[in-house]
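Accompanying notes for the structure given below.
The values are calculated or read from the model by the stated rules, or taken from the named source; none is laboratory data. Please read all numbers here as calculations on a predicted model, not as lab measurements. Reconstructed Cβ throughout: ideal geometry from the backbone, glycine too, with neighbour counts over all protein chains shown. Areas reflect the complete protein model, heavy atoms only, side chains present, ligands, DNA and RNA absent. Shrake-Rupley method; radii C 1.70, N 1.55, O 1.52, S 1.80 Å.
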Amino acid sequence: MTALPHAVTVLGTGAGALSSAMEMSLAGIEVTVADFERFRSNIDAIAERGVIRLKAPWHGITEAPAKASLDPGAAAAAADVIVVSVPAFGHDTFAALLAEHARPGTQVIFAGEGGGSLALVAAMRAAGRDIDLQIAELNSLPYGARVRAPGLITASRKVGGTIAAGIPAGNPAVDTACAIWPSVTAAESVLETVLLNFNAIDHVPPILGNLGAIEGGAGKFLLWGVGASPAVSRFIAAIDGELIEIRRTLGFSNLKGYEEYLVEQGFAAELKGSLHATLQSSAFADSTFGTGPNALESRYITEDVPYALCLMSSIGAEVGVPTPTIDAMIHLAGIATETDYRAQGRTLATFGLAGLGRDGLLQATRTGRW
């Protein structure tokens, strides 16, 4: 079993970054949190107190020691293990920073939605640098978490359902990720972490399927309670089915679907015979979504459509699997927001991976060389 690292630098100051830093600090790892100047308030809050704070309703606030830095390049250059936990639209920024500053042999783990590892390899290629890092990524955060104030979070651990894969495949950073987060299990390929993106599967359909209620007035909407009606649940299931077929075509052994992962993550106690019934029995049923005329500016659309669904669609096209439901969601979201997500979105071409075909894509993502 891989031992926990002695020290880790965490890049980012959002909910995932601070939850990861909190977990590692409580496990005895020396943690440094680093971010850019525009996030100074978050860094200053940690630096002033010397801790990250976790608020829980049953025992108040727990504190865990952490250092803080406003120089992420220097922090990365000094680190042996780096955890990057930022939204998908931050991957390129941190990938460029790491391509410049991370030392050969450093382990880099992206914690959050998949695709960060591809962005990092692409940045290294653009910088003329060989693949000399050990890179891993998760398909999802292993937490449900929110930032409540600078340096203060609420968070709960998922009990399972999170996977990690690496470039090159099976490198030691994958084992380190599984050691840091015991609920995380190793997967075969970073294509799995990209395709098994729960947010892209379950965020977009209930929003697009309930636009009248969501845009109609300020308030809160039960996105998966009221919103995940039987019909909308079928939209979610159809997206999941297309992604399972892509995974099957790529030859992956893990073909578990979204509904099974609801149970595995701990959000639902058991399968209820239909996705609609399982969702209604899950912790999601009473989760709310802010409504109003600006509701579509949510990351549930602005991140999950261009950074996840567009990439998934391009993988399907590359390996010959039709994705009509995914494509419909991209198209409808574009109409609803007056945005050309196809032009803006992340695809295999973004990383220089288009045109390789199934076998070439598998080889490239296994070795990191394309």
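Overview of values
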read-out	value
Separation of alpha-carbon centers, segment 203-247 and segment 135-173, rounded to whole Å	24
Residue among VAL190, VAL321, VAL108 with the largest mean-square fluctuation in a Gaussian network model of the chain, springs linking Cα atoms under 10 Å	VAL321
Expected 222 nm ellipticity per residue - DSSP helices of 4 or more, -39500 (n - 2.57), all of the chain, to 500	-12000 deg cm²/dmol
Antiparallel bridge percentage (DSSP; both residues within segment 19-85; nearest 5)	65
Amide H contacts of VAL10 (H built 1.01 Å from N, under 5 Å, at least 5 apart or other chain)	THR32, VAL33, ALA34, VAL83
Placed amide H near THR106: partners under 5 Å, 5+ positions off or other chain	GLN134
Computed magnitude of the charge dipole of the chain (debye, nearest 20; Cβ of K, R +1, Cβ of D, E -1)	320
Stretchable slack from LEU26 to ALA336, in nm (0.36 nm times residue separation minus alpha-carbon distance)	107.2 nm
Share of carbon and sulfur in the accessible heavy-atom surface of the chain [1.4 Å probe, %]	53
Mean accessible surface per residue for the chain, computed with a 1.4 Å probe while every protein chain stays in place, in Å²	39
Under the Karplus curve 6.51 cos²θ - 1.76 cosθ + 1.60, θ = phi - 60°, whole-Hz ³J(HN,Hα) for segment 249-257, x wherever Gly or Pro sits	5, 6, x, 6, 7, 7, 10, 5, x
Positive-end residue, the chain charge dipole about Cα centroid, Cβ charges, pick of LEU362, GLY115, ALA78	ALA78
Exposure rule at most 11 other beta-carbon atoms within 10 Å, DSSP loop GluC sites (Glu not before Pro): the chain longest free segment	1-269
Phi-based couplings in Hz for segment 153-163 (Karplus 6.51, -1.76, 1.60; Gly and Pro marked x)	10, 10, 7, 9, 7, 6, 8, x, x, 10, 10
Most positive-pole-ward Cα, ALA47, THR62, ALA88, against dipole of segment 33-106 from beta carbon charges	THR62
Other-chain or far-sequence residues with amide H under 5 Å of ILE167's (modelled H)	ILE135, ALA136
